[in-house]
Amino acid sequence: MTAPRAADDPAPPAWTAVAAQPDPRLSRRLIAPVGSLLLAGAATVYIGTVDPNRPGHYPTCPFLWLTGRFCPGCGGLRCVNALAHGDLPAAVGFNVLAVALAPLVITIWLRWAVRSARGTVRRTAADPRLLRALLVVIGVFWVVRNLPFGAALAP
């Protein structure tokens with residue numbers, strides 16, 4: 001047991017705290033998740049409004065321009081445009097991986113928002129094993145869509 005501090009003892013400096021306590025205000029904890037949701041929503045509205053199928057609105061994919069091969073994101077803008085217009089078959093044709101990963105991204109965002117609301121802090125939005133698996137899937141998709149037998153995956 002520690003002895004109580006005397007009235008003339010100064011308080012310990014603030015920098016000596018080992019772990020910062022999360023801000024108790026809910027609005028403060030939700031700034032990042034809600035901000036990212038608003039940003040993604042604004043980007044989706046923009047892409048849904050400004051058609052990527054018409055030339056001149058968006059730059060060419062640098063990887064496609066340099067190599068003539070498709071990157072994992074090629075067709076992503078047209079995919080988002082099709083999803084914004086409710087055309088799921090066209091979206092799948094443009095980038096099947098983006099459509100397949102949308103539920104995962106939504107789930108990760110929901111978990112982040114719930115943890116933020118509760119004041120629980122984590123270093124990553126998802127389990128590191130899941131993130132490594134995701135990188136492997138993206139890499140395999142990248143290679144296969146550029147091979148002759150994977151032509152159906154090309155945008």
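The values are calculated or read from the model by the stated rules, or taken from the named source; none is laboratory data. The structure presented is a predicted model; accordingly, all values stated were derived computationally and were not measured. Reconstructed Cβ throughout: ideal geometry from the backbone, glycine too, with neighbour counts over all protein chains shown. Remember, those area values only see protein heavy atoms, side chains included, never the ligands or the DNA or RNA. Shrake-Rupley method; radii C 1.70, N 1.55, O 1.52, S 1.80 Å.
Of note:
- Options Gly68, Gly41: the member that is open to solvent by less than 100 Å² (accessible area, probe 1.4 Å), at pLDDT 90 or above and at positive phi: Gly68
- Criterion violated by Asn146 - all others in (1) within 22 Å of Leu37 (Cα to Cα); (2) in contact with a Lys or Arg (Cβ under 7 Å, 6 or more places away or on another chain); (3) open to solvent by less than 70 Å² (accessible area, probe 1.4 Å); (4) not acidic (Asp, Glu) satisfied: (1)
- When Ala113, Ala154 are checked against the criterion of being touching a helix residue (DSSP H, G or I) at 6+ places or on another chain (Cβ under 8 Å) and open to solvent by less than 50 Å² (accessible area, probe 1.4 Å), a single residue qualifies: Ala113.
- Leu110 within 12 Å of the chain's Cα centre (by Cα), farther than 25 Å from Pro155 by Cβ and not polar (S, T, N, Q): yes
- Odd one out for Leu101, checked against (1) touching a Phe, Trp or Tyr at 6+ places or on another chain (Cβ under 6 Å); (2) closer than 22 Å to Gly48 by Cα: (1)
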